[in-house]
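This report concerns only the one structure given below.
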Amino acid sequence: MKHALALAAVTAAWLAAPALAQTAPPPAISVTGEANVSVAPDQAQIDGGVTSDAKTAREASDANNAAMGKVLLALKGAGIEEKDYQTSRLSLQPQFATSPRTAERTAGIVSFRASNRVTVKIRDVTKVANVIDVLVSAGANDIGGISFTVTQASKHLDEAREKAIADARRKAEIYAKAVGVALGEPISVEEGGPPGPLFRGKVAAPMAAGAPVAQGEETLSVTVNVSWAIKAKE
């Protein structure tokens with residue numbers, strides 16, 4: 001009986017072998033294609049606001065509220081829609097005395113600092129310098145920086161996607177020639193990771209009215225992972 005069971009097990013394994021072979025992936029060459037496109041940004045964002053110092057918390061807060069009110073009115077007067085600017089930071093902090101020798105904070109509170117900043121979205125990048133002028137002229141003394149954005153990145157990336165596929169085929173053909181085979185049909189195409197970068201690094205403060213601003217160009221990148229079936233050369 002044991003011999004019969006063993007023979008049955010071997011026979012079952014032998015019969016299953018062709019089925020397993022059929023599920024194995026076909027021989028293939030897998031490569032990564034890359035491509036870049038340069039695009040001028042079409043939207044910008046500025047962080048700016050007012051920082052006020054005073055002896056008491058009330059004085060610092062009142063002074064800051066008044067100054068920030070002027071900044072917001074100036075933005076509205078410059079044609080910036082209310083939906084395009086919002087408060088990004090609001091704080092009121094005590095300022096402590098420091099030791100002149102060690103620069104370490106001592107226990108005494110000497111003043112208070114109130115800060116109010118807004119983030120302004122600029123839908124026309126040619127107006128960035130004008131918005132900075134408006135902020136500074138209205139009393140903003142805390143300009144955090146500028147970032148530029150490509151809002152229709154996916155549309156611009158379509159060109160890069162085609163170039164990335166062409167780059168992948170070029171690489172695959174090199175490998176196929178090197179090992180003596182020919183490329184067949186593509187088996188799979190997968191875009192690798194999010195395109196980037198979509199944002200330019202921020203420009204550091206401080207900025208004065210009339211400061212020149214250059215938005216430059218953004219480089220959008222695409223990578224694709226492609227597998228091609230291979231076949232014998234004809």
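Determine the gain in length on full extension of the stretch K177-I109; use 0.36 nm per residue of separation and subtract their C-alpha separation, reporting nm with one decimal.
16.9 nm
If you rank F148, F96 by how much accessible surface each has, with a 1.4 Å probe, what is the order from largest down?
F96, F148
Contour minus end-to-end for S221 and A28, with contour as 0.36 nm per residue of separation and end-to-end as the Cα-Cα distance?
In short, 66.9 nm is gained.
Accessible surface of E81 in the full protein assembly, 1.4 angstrom probe, to the nearest 10 Å²?
Accessible area of E81: about 100 Å².
If R0 is 45 Å, what FRET efficiency do you get for E234 and S38 from their C-beta distance, rounded to 0.05?
Efficiency for this residue pair is about 0.65.
So between T87 and D158, what do we pick up on full extension, going 0.36 nm a residue minus the alpha carbon distance?
Extending this stretch completely gives an extra 22.0 nm.
Express the carbon and sulfur contribution to the solvent-accessible surface of the range 73-162 as a percent, rounded to the nearest whole number, probe 1.4 angstrom.
47
What FRET efficiency would be calculated for the residue pair T51, T126, taking the C-beta separation as r and a Förster radius of 30 Å, to the nearest 0.05?
That gives a FRET efficiency of 0.55.
Any of K163/K231; K83/K127; K121/K163; K121/K155; K70/K127 with alpha carbons more than 29 Å apart? Name them for me.
Distance filter (> 29 Å) returns K121/K163.
Suppose all protein chains stay in the model; what accessible area per residue would a 1.4 Å probe give for the range 122-196, in Å²?
Per-residue value: 55 Å².
The values are calculated or read from the model by the stated rules, or taken from the named source; none is laboratory data. None of the values given here were measured: they were computed from a predicted structure. Neighbour counts are summed over all protein chains in view; Cβ atoms, including those assigned to glycine, are modelled from backbone coordinates with ideal geometry. Surface accessibility is based on the protein's heavy atoms, side chains included, excluding ligands, DNA and RNA. Shrake-Rupley method; radii C 1.70, N 1.55, O 1.52, S 1.80 Å.
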